1. I'm told LYS140 meets every condition in (1) on the phi < 0 side of the Ramachandran plot; (2) surrounded by 14 or more Cβ atoms within 10 Å (Cβ to Cβ); (3) part of a helix (DSSP H, G or I) except one. Can you identify the failing condition by its number?
2. Return a yes/no flag: does the stretch 116-137 have any residue that is touching a residue at least 40 places away in the same chain (Cβ under 8 Å), surrounded by 14 or more Cβ atoms within 10 Å (Cβ to Cβ) and either small (Gly, Ala, Ser) or at positive phi (or both).
3. Could you tell me whether any residue of the stretch 104-113 is in contact (Cβ under 8 Å) with a residue 24 or more places away in the chain and not charged (D, E, K, R)?
4. From LYS104, LYS113, LYS109, grab the single residue that is open to solvent by 10 Å² or more (accessible area, probe 1.4 Å) and within 25 Å of ARG41 (Cβ to Cβ).
5. Would you confirm whether or not the stretch 11-18 contains a residue that is modelled with pLDDT of 95 or more, more than 13 Å from the chain's Cα centre (by Cα), crowded, with 19+ Cβ neighbours inside 10 Å and not aromatic (Phe, Trp, Tyr)?
6. Those residues that are at negative phi, crowded, with 16+ Cβ neighbours inside 10 Å and in a loop (DSSP other than H, G, I, E, B), I need them from the stretch 44-73; list them, please.
7. Regarding LEU153, is this residue assigned to a helix (DSSP H, G or I), open to solvent by 70 Å² or more (accessible area, probe 1.4 Å) and hydrophobic (A, V, I, L, M, F, W, C)?
8. Taking the stretch 74-89 as the region of interest, how many residues are open to solvent by 40 Å² or more (accessible area, probe 1.4 Å), closer than 22 Å to TRP155 by Cα and not charged (D, E, K, R)?
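The values are calculated or read from the model by the stated rules, or taken from the named source; none is laboratory data. This is a predicted model, so every value here is computed, not measured. All Cβ positions, even for glycine, are placed from backbone atoms using ideal geometry, and neighbour counts span all protein chains on display. All accessible areas refer to the heavy atoms of the entire protein, side chains included, with ligands and DNA or RNA removed. Shrake-Rupley method; radii C 1.70, N 1.55, O 1.52, S 1.80 Å.
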Amino acid sequence: MSAEQLTTFNEIIEKILDHEGGYVNDPTDRGGETKYGISKRAYPNVDIKSLTLDQAKKIYHQDYWRGGKCDEVPPRLRYIYFDCCVNFGISGAIKVLQRTANSKGADLKVDGKIGSKTIKSIQNLEVDRVRAYRVLRFAKLVIKRPEQERFWLGWFRRSVKV
């Protein structure tokens, strides 16, 4: 099944968890201590090392899927958008969608808020166009923070698989 055919949280979360992997405490990773992609930086009150898969899924569903209004995004964009929410936070993911829509003539304020105007403007976006703007965001991150370049190839590979 292609990424564009994955449209529900339960289908998509399995792919996200494959990308995110298990426990990592890499001092050069800006997220710091992470497990299943859930970071201590974002969740300081969570015992990351003891985090269960079910707990991680609940966090992803409540804070990222529902918080990012993924069910309101066109089905073909849900996987890439949700994955962007995981990588960039919800506001950052919305900004990727807004910039992508603006590249096709929309006139959205790039504010990281997903309202009716943004939802309407993304209805006809192509996954490849969103993918391109996602890669651009990663590239800008590496340019701004050169020490993050060691993660660039992995980010790129993940971006083009989605």
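1. The one condition LYS140 does not meet is (2).
2. For the stretch 116-137, residues touching a residue at least 40 places away in the same chain (Cβ under 8 Å), surrounded by 14 or more Cβ atoms within 10 Å (Cβ to Cβ) and either small (Gly, Ala, Ser) or at positive phi (or both): absent.
3. no
4. None of the others qualify; the one that does is LYS113.
5. no
6. The answer is VAL46, LEU51, GLY68, VAL73.
7. yes
8. Total meeting the criteria: 1.
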